[in-house]
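Structure first, commentary second.
The values are calculated or read from the model by the stated rules, or taken from the named source; none is laboratory data. Note that the coordinates shown come from a computational prediction; the quantities given were computed from them, not determined experimentally. Cβ atoms come from the backbone with ideal geometry, glycine included; neighbour counts cover every protein chain shown. With ligands, DNA and RNA removed, areas are computed over all heavy atoms of the protein, side chains included. Shrake-Rupley method; radii C 1.70, N 1.55, O 1.52, S 1.80 Å.
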Amino acid sequence: MTDEIKRLKDIIDHTDNIVFFGGAGVSTESGIPDFRSVDGLYNQEWDDPPETIVSHTYYVRKPEKFFKFYREKLLVSGIEPNAAHKKLAEWEAQGKLKAIVTQNIDGLHQAAGSKEVLELHGSTLRNYCEKCGKFYDADFVRNCGGVPMCDCGGRVKPDVVLYEEGLDSNILERAVYFISHADVLIIAGTSLAVYPAAGLINYYRGNKLVVINKTPLRADLGADLVITAPVGEVLGQL
């Protein structure tokens, strides 16, 4: 165990008010690609830029191409929680972790057993008819082919927040509450490049700010502890 991991363990051992703010890097060790790394989705070759494909405008205008990309790259099957997801669920069960604020849409935190999970960008596990509101699971969208349609004739949309769409105000309010009341905030697996989600960390007023990421984040965060390593590799040692 390195000195950095020992410092993190000491921080965790002496608090019962942790909030975890995570991004795509939390799930890469489960086999889900991130977005902005060298091998990320945004650096892969498509007919249209991936950031354009996952926009509301593209979804409306070119639904066939949208769902082709969505099924191939975002609707991942056969994935399991990694050491990071499991450790966070363990902390919550112990009463140490109050909430997870995640930018991920894969549902792995809940699969690991976490209860208080604030999904800023929605979830691929939920889908709904834009006309009648009927719920559909991920398997329906995965297996139907083409543009998924409801029995009523409406289009079935994944419950994920696309570019040009607003975040759920209730989830934002809860995220602000938990972050602003946390003693320890752990920022992990995120480039902090996506707003308004990244702006939520500005509400933190606690004692210890920890950053765990494979690449350095901006220096003005003023983190008390920075660990440059994969999230699961780090939390799995605690």
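Could you tell me whether residue 162 is in contact (Cβ under 8 Å) with a residue 60 or more places away in the chain, closer than 20 Å to residue 68 by Cβ and either small (Gly, Ala, Ser) or open to solvent by less than 50 Å² (accessible area, probe 1.4 Å) (or both)?
The answer is yes for residue 162.
Regarding residue 227, is this residue in contact with a strand residue (DSSP E or B) (Cβ under 6 Å, 6 or more places away or on another chain) and over 26 Å from residue 122 (Cα atoms)?
It is true that residue 227 is in contact with a strand residue (DSSP E or B) (Cβ under 6 Å, 6 or more places away or on another chain) and over 26 Å from residue 122 (Cα atoms).
With the structure loaded, tell me whether residue 190 is buried (at least 19 other Cβ atoms within 10 Å of the Cβ), modelled with pLDDT under 95 and among the β-branched types (Val, Ile, Thr) or whether it fails that test.
When the stated conditions are applied, residue 190 passes them.
Residues to consider are 106, 139; find the one that is in a loop (DSSP other than H, G, I, E, B) and among the acidic types (Asp, Glu).
None of the other options fit; the residue is 106.
Pairs under 8 Å by beta carbon, first residue aromatic (Phe, Trp, Tyr) and at pLDDT below 65 in the stretch 37-58, partner part of a loop (DSSP other than H, G, I, E, B) and surrounded by 14 or more Cβ atoms within 10 Å (Cβ to Cβ), six or more apart or different chains?
As it stands, the answer is 42/35; 42/36, since those pairs meet every condition given.
Which one of the conditions (1) under 17 Å from residue 167 (Cα atoms); (2) touching a residue at least 60 places away in the same chain (Cβ under 8 Å); (3) open to solvent by less than 20 Å² (accessible area, probe 1.4 Å) does residue 122 fail to meet, given that it meets all the rest?
(2)
Exactly one of (1) open to solvent by less than 20 Å² (accessible area, probe 1.4 Å); (2) within 29 Å of residue 166 (Cβ to Cβ); (3) touching a residue at least 12 places away in the same chain (Cβ under 8 Å) is unmet by residue 198. Its number?
Checking residue 198 against (1) open to solvent by less than 20 Å² (accessible area, probe 1.4 Å); (2) within 29 Å of residue 166 (Cβ to Cβ); (3) touching a residue at least 12 places away in the same chain (Cβ under 8 Å), the one that fails is (3).
How many residues are of a type outside the set (Lys, Arg), in a helix (DSSP H, G or I) and open to solvent by 10 Å² or more (accessible area, probe 1.4 Å) when one looks only at the stretch 68-88? Quick ask: steps written out before the conclusion?
Step one: of the stretch 68-88, the residues of a type outside the set (Lys, Arg) are 69-70, 72, 74-85, 88.
Now restrict to residues that are in a helix (DSSP H, G or I): 69-70, 72, 74, 83-85, 88.
Now restrict to residues that are open to solvent by 10 Å² or more (accessible area, probe 1.4 Å): 72, 74, 83.
The qualifying residues number 3.
Could we say that residue 167 is under 19 Å from the mean Cα position of the chain (by Cα) and open to solvent by less than 30 Å² (accessible area, probe 1.4 Å) here?
Judged against the criteria, residue 167 is not a match.
Residues to consider are 211, 141; find the one that is surrounded by 13 or more Cβ atoms within 10 Å (Cβ to Cβ) and farther than 17 Å from residue 26 by Cβ.
The match here is 141.
Being surrounded by fewer than 14 Cβ atoms within 10 Å (Cβ to Cβ) and touching a strand residue (DSSP E or B) at 6+ places or on another chain (Cβ under 6 Å) narrows it down to one residue among 130, 173; which is it?
130
Could you check how many residues of the stretch 154-187 are assigned to a helix (DSSP H, G or I) and either among the β-branched types (Val, Ile, Thr) or at pLDDT below 95 (or both)?
3
Considering only the stretch 201-223, how many residues are over 25 Å from residue 161 (Cα atoms) and in a loop (DSSP other than H, G, I, E, B)?
9
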